[in-house]
Amino acid sequence: MQDLADFHSSISELFPQPKTKADWEQYRLSQEQLDFFNEEGYLADVKLLNEDQIEALKKALDEVMDPAHPLHHLFHEFHSNESGDPNKVLFHSLGHWRVHPAFHDVIWNPAFRMAASQLLGDRAVRFWHDQLFCKPAHHGGNVAWHQDYSYWTRTIEMQHLTCWCGLDDANEENGCLQYVPRSHRWGLLEKPALAGEMDGLMHMMSEEQKANFKPVPIPLKAGHGAFHHPLLVHGSFANFSARSRKAFVLNVFADGTVSDTDEPLLEGIPAIKKGSKLEGKFFPLIFDPSEI
């Protein structure tokens with residue numbers, strides 16, 4: 001079995017690739033969608049997966065969640081329960097694109113790649129890292145209010161983008177994603193514990209920010225995604241419903257982003273010297289709009 005990070009293109013037929021410029025047009029976001037993202041800091045309800053793709057990824061998720069998986073050592077992080085509280089379980093992992101072909105190939109999903117490039121200003125896009133967030137029924141944990149870039153300051157400039165995509169239907173009952181619109185204009189806040197106290201971030205906010213802290217739930221059908229700015233405050237509440245809430249996250253950045261540390265950027269990979277461009281095996285170029 002091989003580290004799938006060695007392959008920088010699709011290795012299965014799960015996500016058919018466009019062959020012409022016209023083929024790409026079906027995935028292009030509208031100007032209205034781009035304007036909404038720039039104003040509010042997020043864009044929700046973008047269809048990314050069909051039913052067959054959802055089922056393939058759910059099956060893959062069940063496989064990679066097993067700590068006995070033969071490629072388990074390739075994960076950058078693996079938390080069977082990041083919260084530490086058995087009554088609030090939050091499975092969270094990074095690096096499963098290296099382990100299973102379905103999670104490898106979802107990075108090359110044309111619907112995701114086109115949207116990511118547009119939302120980054122029609123830039124070429126590189127992969128940063130993936131995540132799984134799984135909340136089981138009845139005792140699923142929360143994800144505390146946070147800004148993604150507060151965990152990513154080891155890379156500069158801030159030209160990142162996050163895509164959250166559900167594999168189950170998600171609503172308020174089972175702990176769907178929630179955004180604080182326009183909070184991407186607040187500047188960088190300190191980072192809380194990701195699976196810790198839900199309101200930990202509130203202690204780091206100004207009175208004006210607290211007054212404008214007005215979260216909106218983002219219910220999404222399975223296979224639909226939401227994109228958000230790296231400074232947008234977001235989180236999700238616990239899941240005490242009878243339904244699970246499984247989702248994966250793809251994090252990317254504009255080509256040209258550099259390392260701001262001499263330490264490894266992710267656990268288990270070689271360090272990239274401070275000031276050097278992020279590229280190579282672990283940060284593949286996944287889309288270049290000039291090539292279509």
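The values are calculated or read from the model by the stated rules, or taken from the named source; none is laboratory data. These numbers were taken from a predicted model, which means no experiment stands behind them. Every residue, glycine as well, gets a Cβ built from its backbone with ideal geometry; the counts of neighbours run over all protein chains shown. Calculation scope for accessible area: heavy atoms of the full protein, side chains included, ligands and nucleic acids excluded. Shrake-Rupley method; radii C 1.70, N 1.55, O 1.52, S 1.80 Å.
Would you mind telling me the share, in percent, of accessible area of region 133-292 contributed by carbon and sulfur at probe 1.4 angstrom?
On region 133-292, the fraction of accessible area on carbon and sulfur atoms equals 51 percent.
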Kirkwood Rh (inverse of mean 1/r, distinct Cα pairs), the chain, angstrom: 19.3 Å
Protein accessible area in region 46-123, 1.4 Å probe - carbon and sulfur %: 47 percent
Could you give the C-alpha radius of gyration of region 93-153 expressed as a fraction of 2.2 N^0.38 Å, taking N as the number of residues it contains? 1.37
Give the relative contact order (percent, whole number) for the chain; include only Cα pairs under 8 Å separated by 6+ residues. 27 percent
Structure shown: which of Lys135/Lys221; Lys191/Lys214; Lys19/Lys221; Lys59/Lys135; Lys191/Lys277; Lys47/Lys246 lie over 22 Å apart, alpha-carbon to alpha-carbon? Lys19/Lys221; Lys191/Lys277
For the modelled label position 7 Å from the Cα of Lys277 along Cα-to-Cβ, which residues of region 110-136 have backbone nitrogen atoms closer than 15 Å? 123-127
What are the DSSP H helices in the chain that stretch 15 Å or more along their long axis, judged by alpha-carbon atoms, and whose average Kyte-Doolittle hydropathy comes to at least -1.0? 51-64
Among all the lysines, which ones have a C-alpha under 17 Å from Lys273's C-alpha, if same-chain residues fewer than 8 places away are not counted? Lys281
Taking only protein heavy atoms into account and a 1.4 Å probe, give the accessible area per residue of the chain in Å². 43 Å²
